[in-house]
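> I am attaching a structure below and will ask some questions about it afterwards.
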Amino acid sequence: MNKEEAKSKVIEKGGVIRDAISNDLWYLVTNNPDVKSKKFKKARDLGVTFIDELEFLKMIE
């Protein structure tokens, strides 16, 4: 599944896609949650839950 297909599935299920890290973001899909980027640090500081692709696919079934 590519990124656009994943976004469509989220929207189909009633989810909302965010382009930026904010306090209303619940999940961040990543296969490497240990990345040291500013984006990931902000997400961690806000308490965002990091999930991998397999968890994401289970959620949208």
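A short reminder: the numbers here are calculations on the coordinates, not readings from a lab. Just so we're clear, the structure is a prediction, and the values are computed from it rather than from any experiment. Cβ: placed from backbone, ideal geometry, glycine included. Neighbour counts: every protein chain shown.
> Find, among the chymotrypsin sites (Phe, Trp or Tyr not before Pro) in the stretch 1-51, those assigned to loop by DSSP (not H, G, I, E, B) with at most 13 other beta-carbon atoms within 10 angstrom.
Qualifying residues, ordered by number: Trp26.
> Any idea what the dipole of the chain comes to, in debye rounded to 20, about its Cα centre with Lys/Arg Cβ at +1 and Asp/Glu Cβ at -1?
Using only the charged Cβ atoms, the result is roughly 340 debye.
> Would you mind calculating the gained length between Ile17 and Glu4 on full extension (0.36 nm times residue separation, minus the Cα-Cα distance), in nm to one decimal?
3.6 nm
> Non-local amide H neighbours of Leu28 (under 5 Å, H modeled in plane, Pro and chain starts lacking H): which ones?
Thr49, Phe50, Ile51
> Pairs of Cα atoms under 8 Å, at least six residues apart: use those to get the relative contact order of the chain, whole percent.
Value for the chain: 36 percent.
> A further question follows. If I compute Cα Rg over 2.2 N^0.38 Å from the structure I just sent, which labelled value in (i) 1.10; (ii) 1.69; (iii) 1.86 lines up?
Read-out from the structure maps to (i).
> Starting from the stretch 11-61, pick out the trypsin sites (Lys or Arg not before Pro) whose DSSP state is loop and whose Cβ has at most 13 other Cβ atoms within 10 Å. Show your work: numbers first, answer last.
Values: sites: Lys13, Arg18, Lys36, Lys38, Lys39, Lys41, Lys42, Arg44, Lys58; in loops: Lys13, Arg18, Lys36.
Here the trypsin sites (Lys or Arg not before Pro) that fit, given the DSSP loop and packing criteria, are Lys13, Arg18, Lys36.
> Which pairs in the list Lys13/Lys42; Lys13/Lys41; Lys7/Lys39; Lys13/Lys58 are over 21 Å apart, alpha-carbon to alpha-carbon? Please list the in-between numbers first.
Values: Lys13/Lys42 26 Å; Lys13/Lys41 28 Å; Lys7/Lys39 19 Å; Lys13/Lys58 12 Å.
In this structure, Lys13/Lys42; Lys13/Lys41 lie more than 21 Å apart at Cα.
> Rounded to the nearest 500, what is the 222 nm mean residue ellipticity of the chain from helices alone, with -39500 (n - 2.57) per DSSP H run of 4+ residues and division by all residues?
Value at 222 nm, helices only: -11000 deg cm²/dmol.
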